[in-house]
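Comments concern the structure below.
The values are calculated or read from the model by the stated rules, or taken from the named source; none is laboratory data. Nothing here was measured: the structure is a model prediction, and the numbers come from that model. Note that we place each Cβ from the backbone using ideal geometry, even for glycine, and neighbour counts take in every protein chain shown.
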Amino acid sequence: MERRAFLNTGLALGAAGIAGTAPSRLNASTRRFGAPDGPVRLSSNENALGLCPAARQAVIDGIAEANRYPGATRRAVAQALATKHGVSTDCIVLGNGSTELLQMMVQATASRRTKLIYAEPTFEDVMEYSLPETYLRHPVPLDRRMAHDIGRMRELAERSWDPTLVYICNPNNPTGTLTPCGEIDEWIGSAPENIRFLIDEAYFEYAHDPGYSSSIRWIMDRPNVVVVRTFSKIYGMAGMRLGYGVAHPDTAKHVAQFSAGTNTNELALRAGLASLNDTGLVARSLDSNARGVAILRECLEELGLEFLPGHTNFLMHRINGDLQTYIGRMREHNIQVGRPFPPMLTYSRVSIGLPEEMERFAETLRTFRQNGWV
(Lines give C-alpha, C1' and ligand atoms only; values in the text may rest on other atoms or scores of the structure.)
Protein backbone atom coordinates (compact mmCIF):
# COMPACT_ATOMS: atom_id res chain seq x y z
CA MET A 1 0.00 0.00 0.00
CA GLU A 2 1.44 3.40 -1.00
CA ARG A 3 0.81 5.80 1.88
CA ARG A 4 1.25 8.89 -0.28
CA ALA A 5 -1.38 7.70 -2.75
CA PHE A 6 -3.90 7.63 0.08
CA LEU A 7 -2.88 10.92 1.64
CA ASN A 8 -2.59 12.94 -1.54
CA THR A 9 -6.22 12.29 -2.51
CA GLY A 10 -7.37 14.52 0.40
CA LEU A 11 -8.02 12.13 2.93
CA ALA A 12 -23.90 17.00 30.33
CA LEU A 13 -23.14 17.97 33.02
CA GLY A 14 -23.24 21.79 33.09
CA ALA A 15 -20.83 23.62 35.40
CA ALA A 16 -23.55 25.42 37.34
CA GLY A 17 -25.53 22.23 37.96
CA ILE A 18 -22.47 20.32 39.08
CA ALA A 19 -21.31 23.05 41.41
CA GLY A 20 -24.69 23.09 43.12
CA THR A 21 -25.21 19.33 43.46
CA ALA A 22 -23.25 17.02 45.69
CA PRO A 23 -22.23 13.67 44.14
CA SER A 24 -24.23 11.74 46.75
CA ARG A 25 -27.45 13.32 45.50
CA LEU A 26 -26.92 12.24 41.89
CA ASN A 27 -29.07 9.11 42.13
CA ALA A 28 -30.32 7.30 39.02
CA SER A 29 -33.73 8.97 38.88
CA THR A 30 -32.67 12.59 39.43
CA ARG A 31 -29.55 12.19 37.31
CA ARG A 32 -31.39 10.97 34.25
CA PHE A 33 -34.97 12.13 34.38
CA GLY A 34 -35.26 15.08 36.74
CA ALA A 35 -37.97 13.20 38.70
CA PRO A 36 -38.58 9.55 39.65
CA ASP A 37 -41.69 9.41 37.47
CA GLY A 38 -40.04 11.12 34.50
CA PRO A 39 -39.77 9.61 31.02
CA VAL A 40 -37.93 6.36 30.51
CA ARG A 41 -35.39 7.26 27.84
CA LEU A 42 -34.82 4.17 25.71
CA SER A 43 -34.31 5.97 22.40
CA SER A 44 -30.65 6.94 22.00
CA ASN A 45 -28.54 3.96 23.17
CA GLU A 46 -27.23 5.84 26.19
CA ASN A 47 -25.67 4.05 29.14
CA ALA A 48 -28.31 4.33 31.85
CA LEU A 49 -25.72 4.05 34.64
CA GLY A 50 -24.40 7.50 33.80
CA LEU A 51 -20.93 8.76 34.65
CA CYS A 52 -18.98 6.55 37.01
CA PRO A 53 -18.32 8.10 40.46
CA ALA A 54 -14.66 8.79 39.62
CA ALA A 55 -15.65 10.62 36.43
CA ARG A 56 -18.24 12.73 38.26
CA GLN A 57 -15.67 13.72 40.84
CA ALA A 58 -13.14 14.48 38.11
CA VAL A 59 -15.64 16.85 36.48
CA ILE A 60 -16.30 18.61 39.76
CA ASP A 61 -12.59 18.92 40.54
CA GLY A 62 -11.88 20.09 36.99
CA ILE A 63 -14.14 23.12 37.17
CA ALA A 64 -11.26 25.04 38.74
CA GLU A 65 -9.30 24.49 35.50
CA ALA A 66 -12.19 25.11 33.11
CA ASN A 67 -10.80 28.56 32.33
CA ARG A 68 -7.65 26.97 30.88
CA TYR A 69 -7.12 25.41 27.48
CA PRO A 70 -7.01 21.60 27.77
CA GLY A 71 -3.61 20.89 26.23
CA ALA A 72 -2.09 18.89 29.07
CA THR A 73 -5.25 16.88 29.66
CA ARG A 74 -5.58 16.15 25.94
CA ARG A 75 -2.08 14.72 25.94
CA ALA A 76 -2.84 12.62 29.02
CA VAL A 77 -5.96 11.14 27.42
CA ALA A 78 -4.15 10.46 24.15
CA GLN A 79 -1.39 8.68 26.06
CA ALA A 80 -3.89 6.61 28.04
CA LEU A 81 -5.66 5.56 24.84
CA ALA A 82 -2.39 4.76 23.12
CA THR A 83 -1.41 2.55 26.04
CA LYS A 84 -4.83 0.88 26.03
CA HIS A 85 -4.54 -0.06 22.36
CA GLY A 86 -0.80 -0.71 22.21
CA VAL A 87 -0.03 2.07 19.73
CA SER A 88 1.90 5.34 19.80
CA THR A 89 0.19 8.60 20.68
CA ASP A 90 0.51 9.86 17.11
CA CYS A 91 -1.99 7.15 16.12
CA ILE A 92 -4.72 8.76 18.25
CA VAL A 93 -7.08 11.49 17.04
CA LEU A 94 -9.48 12.95 19.60
CA GLY A 95 -12.93 14.19 18.70
CA ASN A 96 -16.05 15.88 20.01
CA GLY A 97 -17.74 12.50 20.23
CA SER A 98 -17.06 9.77 17.69
CA THR A 99 -19.44 11.51 15.30
CA GLU A 100 -16.88 14.26 14.76
CA LEU A 101 -14.32 11.61 13.83
CA LEU A 102 -16.76 10.29 11.23
CA GLN A 103 -17.22 13.80 9.87
CA MET A 104 -13.48 14.42 9.77
CA MET A 105 -12.86 11.23 7.80
CA VAL A 106 -15.66 12.05 5.34
CA GLN A 107 -14.15 15.47 4.74
CA ALA A 108 -10.59 14.19 4.58
CA THR A 109 -11.47 11.67 1.87
CA ALA A 110 -13.76 13.81 -0.27
CA SER A 111 -12.84 14.55 -3.87
CA ARG A 112 -14.78 15.16 -7.07
CA ARG A 113 -15.23 11.47 -7.86
CA THR A 114 -15.18 9.80 -4.44
CA LYS A 115 -17.68 7.00 -3.88
CA LEU A 116 -19.25 6.37 -0.49
CA ILE A 117 -20.38 2.79 0.09
CA TYR A 118 -22.40 1.92 3.19
CA ALA A 119 -24.99 -0.52 4.48
CA GLU A 120 -28.72 0.17 4.66
CA PRO A 121 -29.84 0.64 7.35
CA THR A 122 -26.86 1.82 9.37
CA PHE A 123 -25.85 4.84 11.45
CA GLU A 124 -26.93 7.82 9.35
CA ASP A 125 -24.39 10.48 10.28
CA VAL A 126 -21.77 9.49 7.71
CA MET A 127 -24.30 9.89 4.91
CA GLU A 128 -25.45 13.23 6.29
CA TYR A 129 -21.87 14.49 6.54
CA SER A 130 -21.31 13.53 2.91
CA LEU A 131 -24.19 15.67 1.60
CA PRO A 132 -22.25 18.95 1.28
CA GLU A 133 -19.48 17.07 -0.53
CA THR A 134 -19.48 15.63 -4.06
CA TYR A 135 -19.69 11.98 -3.03
CA LEU A 136 -21.38 9.39 -5.21
CA ARG A 137 -23.42 7.50 -2.60
CA HIS A 138 -24.05 3.76 -2.91
CA PRO A 139 -26.26 2.22 -0.19
CA VAL A 140 -26.14 -1.58 0.01
CA PRO A 141 -28.98 -3.44 1.78
CA LEU A 142 -28.01 -5.72 4.64
CA ASP A 143 -27.88 -9.36 3.64
CA ARG A 144 -30.20 -12.11 4.90
CA ARG A 145 -28.05 -12.43 8.05
CA MET A 146 -28.67 -8.73 8.76
CA ALA A 147 -24.92 -8.28 8.25
CA HIS A 148 -23.10 -5.96 5.86
CA ASP A 149 -23.16 -7.51 2.40
CA ILE A 150 -19.38 -7.39 2.03
CA GLY A 151 -19.47 -9.16 -1.33
CA ARG A 152 -21.79 -6.58 -2.87
CA MET A 153 -19.97 -3.66 -1.24
CA ARG A 154 -16.68 -4.98 -2.54
CA GLU A 155 -18.06 -5.39 -6.04
CA LEU A 156 -19.21 -1.77 -6.10
CA ALA A 157 -15.92 -0.50 -4.66
CA GLU A 158 -13.71 -2.35 -7.12
CA ARG A 159 -15.50 -1.33 -10.30
CA SER A 160 -13.12 1.59 -10.81
CA TRP A 161 -9.95 3.18 -9.47
CA ASP A 162 -11.82 6.25 -8.24
CA PRO A 163 -11.31 7.09 -4.55
CA THR A 164 -13.78 5.12 -2.44
CA LEU A 165 -14.77 5.41 1.22
CA VAL A 166 -16.31 2.29 2.74
CA TYR A 167 -18.20 2.80 6.01
CA ILE A 168 -18.66 -0.30 8.17
CA CYS A 169 -20.47 -0.03 11.51
CA ASN A 170 -19.75 -3.24 13.41
CA PRO A 171 -21.75 -4.06 15.52
CA ASN A 172 -24.24 -2.28 13.33
CA ASN A 173 -26.59 0.44 14.49
CA PRO A 174 -29.64 0.16 14.40
CA THR A 175 -29.77 -3.63 14.01
CA GLY A 176 -27.19 -4.57 16.67
CA THR A 177 -25.98 -7.37 14.40
CA LEU A 178 -22.41 -8.42 13.63
CA THR A 179 -20.66 -8.68 10.30
CA PRO A 180 -18.12 -11.54 10.30
CA CYS A 181 -14.71 -10.00 10.90
CA GLY A 182 -13.07 -12.59 8.67
CA GLU A 183 -14.95 -11.14 5.68
CA ILE A 184 -13.88 -7.61 6.58
CA ASP A 185 -10.28 -8.66 7.20
CA GLU A 186 -10.03 -10.49 3.89
CA TRP A 187 -11.17 -7.38 2.05
CA ILE A 188 -8.89 -5.00 3.94
CA GLY A 189 -5.93 -7.31 3.40
CA SER A 190 -6.35 -7.38 -0.36
CA ALA A 191 -7.98 -4.02 -1.10
CA PRO A 192 -6.37 -1.74 -3.70
CA GLU A 193 -4.98 1.54 -2.49
CA ASN A 194 -7.90 3.67 -3.69
CA ILE A 195 -10.28 2.10 -1.12
CA ARG A 196 -10.39 3.58 2.39
CA PHE A 197 -12.13 1.91 5.31
CA LEU A 198 -13.94 3.80 8.07
CA ILE A 199 -14.67 1.21 10.75
CA ASP A 200 -17.12 2.35 13.44
CA GLU A 201 -16.67 0.34 16.65
CA ALA A 202 -18.88 2.45 18.92
CA TYR A 203 -20.36 -0.71 20.50
CA PHE A 204 -17.16 -2.76 20.55
CA GLU A 205 -17.19 -3.49 24.29
CA TYR A 206 -20.68 -5.02 24.18
CA ALA A 207 -19.85 -7.64 21.54
CA HIS A 208 -18.51 -10.93 22.89
CA ASP A 209 -18.93 -13.22 19.91
CA PRO A 210 -15.80 -15.42 19.63
CA GLY A 211 -15.37 -14.40 15.98
CA TYR A 212 -15.49 -10.67 16.68
CA SER A 213 -12.36 -8.55 16.95
CA SER A 214 -11.20 -4.98 16.39
CA SER A 215 -9.84 -3.67 13.10
CA ILE A 216 -7.25 -1.64 15.02
CA ARG A 217 -4.69 -4.36 14.29
CA TRP A 218 -4.60 -3.18 10.64
CA ILE A 219 -3.62 0.43 11.18
CA MET A 220 0.18 0.13 11.01
CA ASP A 221 0.16 -1.98 7.85
CA ARG A 222 -2.77 -0.26 6.17
CA PRO A 223 -2.86 3.55 6.21
CA ASN A 224 -6.26 3.31 4.49
CA VAL A 225 -7.96 2.08 7.71
CA VAL A 226 -9.40 4.37 10.39
CA VAL A 227 -11.14 2.87 13.44
CA VAL A 228 -13.50 5.05 15.46
CA ARG A 229 -14.45 4.53 19.12
CA THR A 230 -16.53 6.52 21.62
CA PHE A 231 -16.87 7.24 25.33
CA SER A 232 -20.64 7.69 24.86
CA LYS A 233 -21.71 4.07 25.26
CA ILE A 234 -19.83 1.78 27.63
CA TYR A 235 -18.43 4.73 29.62
CA GLY A 236 -21.77 6.55 29.93
CA MET A 237 -20.49 9.88 28.57
CA ALA A 238 -22.88 10.65 25.71
CA GLY A 239 -23.57 14.15 27.01
CA MET A 240 -19.89 14.93 27.56
CA ARG A 241 -18.96 14.39 23.86
CA LEU A 242 -15.66 12.54 23.67
CA GLY A 243 -14.55 10.10 20.99
CA TYR A 244 -11.37 9.08 19.22
CA GLY A 245 -9.96 7.54 16.10
CA VAL A 246 -7.04 5.13 15.76
CA ALA A 247 -5.05 5.20 12.53
CA HIS A 248 -1.58 5.04 11.02
CA PRO A 249 0.39 8.12 12.18
CA ASP A 250 0.42 9.63 8.67
CA THR A 251 -3.30 9.10 8.29
CA ALA A 252 -4.06 10.34 11.81
CA LYS A 253 -2.12 13.54 11.13
CA HIS A 254 -4.02 14.14 7.92
CA VAL A 255 -7.47 13.44 9.40
CA ALA A 256 -6.75 15.67 12.40
CA GLN A 257 -6.37 18.63 10.05
CA PHE A 258 -10.15 18.58 9.65
CA SER A 259 -10.86 19.14 13.35
CA ALA A 260 -10.85 22.23 15.49
CA GLY A 261 -7.66 22.22 17.55
CA THR A 262 -9.64 22.60 20.78
CA ASN A 263 -12.51 20.29 19.87
CA THR A 264 -12.47 18.46 23.20
CA ASN A 265 -13.17 20.26 26.45
CA GLU A 266 -11.37 20.04 29.78
CA LEU A 267 -14.22 18.48 31.74
CA ALA A 268 -14.95 15.78 29.17
CA LEU A 269 -11.27 14.90 28.97
CA ARG A 270 -10.99 14.62 32.75
CA ALA A 271 -14.10 12.44 32.89
CA GLY A 272 -12.71 10.28 30.10
CA LEU A 273 -9.38 9.81 31.83
CA ALA A 274 -11.08 8.88 35.10
CA SER A 275 -13.32 6.42 33.25
CA LEU A 276 -10.34 4.73 31.61
CA ASN A 277 -8.70 4.38 35.03
CA ASP A 278 -11.81 2.83 36.62
CA THR A 279 -10.97 -0.83 36.13
CA GLY A 280 -14.45 -2.02 37.13
CA LEU A 281 -16.51 0.35 34.99
CA VAL A 282 -16.78 -1.80 31.88
CA ALA A 283 -17.81 -4.86 33.90
CA ARG A 284 -20.48 -2.87 35.76
CA SER A 285 -21.90 -1.50 32.50
CA LEU A 286 -21.95 -4.94 30.91
CA ASP A 287 -23.64 -6.48 33.93
CA SER A 288 -26.39 -3.86 34.01
CA ASN A 289 -26.86 -4.20 30.27
CA ALA A 290 -27.08 -8.01 30.46
CA ARG A 291 -29.76 -7.85 33.15
CA GLY A 292 -31.76 -5.36 31.10
CA VAL A 293 -31.44 -7.47 27.95
CA ALA A 294 -32.64 -10.57 29.83
CA ILE A 295 -35.79 -8.78 30.98
CA LEU A 296 -36.49 -7.49 27.48
CA ARG A 297 -35.86 -10.81 25.74
CA GLU A 298 -38.12 -12.66 28.18
CA CYS A 299 -40.94 -10.25 27.44
CA LEU A 300 -40.48 -10.39 23.67
CA GLU A 301 -40.37 -14.20 23.70
CA GLU A 302 -43.49 -14.30 25.88
CA LEU A 303 -45.33 -12.10 23.37
CA GLY A 304 -43.94 -13.93 20.34
CA LEU A 305 -42.32 -10.78 18.96
CA GLU A 306 -39.30 -11.51 16.76
CA PHE A 307 -36.08 -9.70 17.64
CA LEU A 308 -32.63 -9.54 16.08
CA PRO A 309 -29.59 -11.12 17.79
CA GLY A 310 -28.19 -7.95 19.33
CA HIS A 311 -24.57 -7.45 20.37
CA THR A 312 -24.97 -3.93 21.76
CA ASN A 313 -26.86 -1.95 24.39
CA PHE A 314 -30.07 -1.99 22.36
CA LEU A 315 -32.33 -4.52 20.68
CA MET A 316 -34.38 -4.27 17.51
CA HIS A 317 -37.70 -6.10 17.63
CA ARG A 318 -40.66 -6.51 15.36
CA ILE A 319 -44.00 -4.89 16.11
CA ASN A 320 -47.47 -5.38 14.68
CA GLY A 321 -49.07 -2.22 13.34
CA ASP A 322 -47.89 1.22 12.33
CA LEU A 323 -44.47 2.19 13.72
CA GLN A 324 -45.19 5.89 14.21
CA THR A 325 -48.40 5.04 16.05
CA TYR A 326 -46.44 2.66 18.27
CA ILE A 327 -43.80 5.31 19.01
CA GLY A 328 -46.53 7.80 19.86
CA ARG A 329 -48.30 5.38 22.19
CA MET A 330 -45.05 4.64 24.00
CA ARG A 331 -44.53 8.36 24.42
CA GLU A 332 -48.03 8.66 25.89
CA HIS A 333 -46.91 6.08 28.46
CA ASN A 334 -43.85 8.20 29.22
CA ILE A 335 -41.42 5.92 27.39
CA GLN A 336 -39.17 7.07 24.58
CA VAL A 337 -38.11 4.44 22.02
CA GLY A 338 -36.02 4.66 18.87
CA ARG A 339 -36.89 6.59 15.73
CA PRO A 340 -37.85 4.85 12.45
CA PHE A 341 -35.01 3.26 10.48
CA PRO A 342 -36.11 2.77 6.87
CA PRO A 343 -36.56 0.33 5.28
CA MET A 344 -37.14 -1.67 8.53
CA LEU A 345 -40.43 0.00 9.35
CA THR A 346 -41.94 -3.06 11.02
CA TYR A 347 -39.21 -3.02 13.68
CA SER A 348 -38.59 -0.80 16.71
CA ARG A 349 -35.20 -0.19 18.30
CA VAL A 350 -35.24 -0.04 22.09
CA SER A 351 -32.19 0.95 24.12
CA ILE A 352 -31.35 -1.03 27.24
CA GLY A 353 -31.99 0.98 30.39
CA LEU A 354 -31.62 0.08 34.03
CA PRO A 355 -33.32 -3.22 34.99
CA GLU A 356 -36.18 -1.38 36.66
CA GLU A 357 -36.69 0.69 33.51
CA MET A 358 -36.80 -2.43 31.37
CA GLU A 359 -39.40 -3.90 33.73
CA ARG A 360 -41.50 -0.78 33.18
CA PHE A 361 -41.08 -1.07 29.41
CA ALA A 362 -41.97 -4.78 29.48
CA GLU A 363 -45.16 -4.18 31.46
CA THR A 364 -46.14 -1.42 29.04
CA LEU A 365 -45.54 -3.71 26.07
CA ARG A 366 -47.69 -6.39 27.71
CA THR A 367 -50.44 -3.79 28.10
CA PHE A 368 -50.13 -2.98 24.41
CA ARG A 369 -50.65 -6.66 23.61
CA GLN A 370 -53.74 -6.78 25.80
CA ASN A 371 -55.07 -3.81 23.82
CA GLY A 372 -54.28 -5.53 20.52
CA TRP A 373 -51.71 -2.91 19.51
CA VAL A 374 -48.67 -5.17 19.04
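Is it true that VAL140 is part of a strand (DSSP E or B), at pLDDT 95 or above and out of contact with any Phe, Trp or Tyr (no Cβ under 6 Å at 6 or more places or on another chain)? It is true that VAL140 is part of a strand (DSSP E or B), at pLDDT 95 or above and out of contact with any Phe, Trp or Tyr (no Cβ under 6 Å at 6 or more places or on another chain). Examine the stretch 152-159 for a residue that is surrounded by fewer than 18 Cβ atoms within 10 Å (Cβ to Cβ), more than 21 Å from VAL106 (Cβ to Cβ) and modelled with pLDDT of 95 or more, and state whether such a residue exists. Yes; the residues of the stretch 152-159 include at least one that is surrounded by fewer than 18 Cβ atoms within 10 Å (Cβ to Cβ), more than 21 Å from VAL106 (Cβ to Cβ) and modelled with pLDDT of 95 or more.
This table checks each residue for (1) more than 30 Å from SER130 (Cα to Cα); (2) acidic (Asp, Glu); (3) outside the structural domain of ALA108 (by TED's automatic domain parsing); (4) modelled with pLDDT under 95.
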residue	(1), (2), (3), (4)
ALA15	yes, no, yes, yes
ALA19	yes, no, yes, yes
PRO23	yes, no, yes, yes
PHE33	yes, no, yes, yes
PRO36	yes, no, yes, yes
GLU46	no, yes, yes, no
VAL59	yes, no, no, no
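Filtered by the rule that a residue be among the small types (Gly, Ala, Ser) and assigned to a helix (DSSP H, G or I), the stretch 240-291 gives ALA252, ALA256, ALA268, ALA271, GLY272, ALA274, SER275, ALA283, SER285, SER288, ALA290. Scanning the stretch 332-342 for residues that are farther than 14 Å from ARG360 by Cβ and surrounded by 12 or more Cβ atoms within 10 Å (Cβ to Cβ) returns GLY338, ARG339, PRO340, PHE341. Tallying residues that are of a type outside the set (A, V, I, L, M, F, W, C) and in a loop (DSSP other than H, G, I, E, B) within the stretch 194-218 yields 10.
Selection over the stretch 169-193 of residues that are closer than 29 Å to ARG349 by Cα and assigned to a loop (DSSP other than H, G, I, E, B) gives a count of 11.
Inclusion of ARG41 among residues that are modelled with pLDDT of 95 or more, outside the structural domain of HIS254 (by TED's automatic domain parsing) and more than 19 Å from TYR244 (Cβ to Cβ) is warranted.
Screening the candidates VAL77, VAL93 for the property of being modelled with pLDDT of 95 or more and part of a helix (DSSP H, G or I) yields one hit, VAL77. Can you say whether THR83 is in the same structural domain as ALA207 (by TED's automatic domain parsing), over 22 Å from TYR206 (Cα atoms) and either among the polar types (S, T, N, Q) or modelled with pLDDT under 95 (or both), as far as the supplied structure shows? No, not satisfied.
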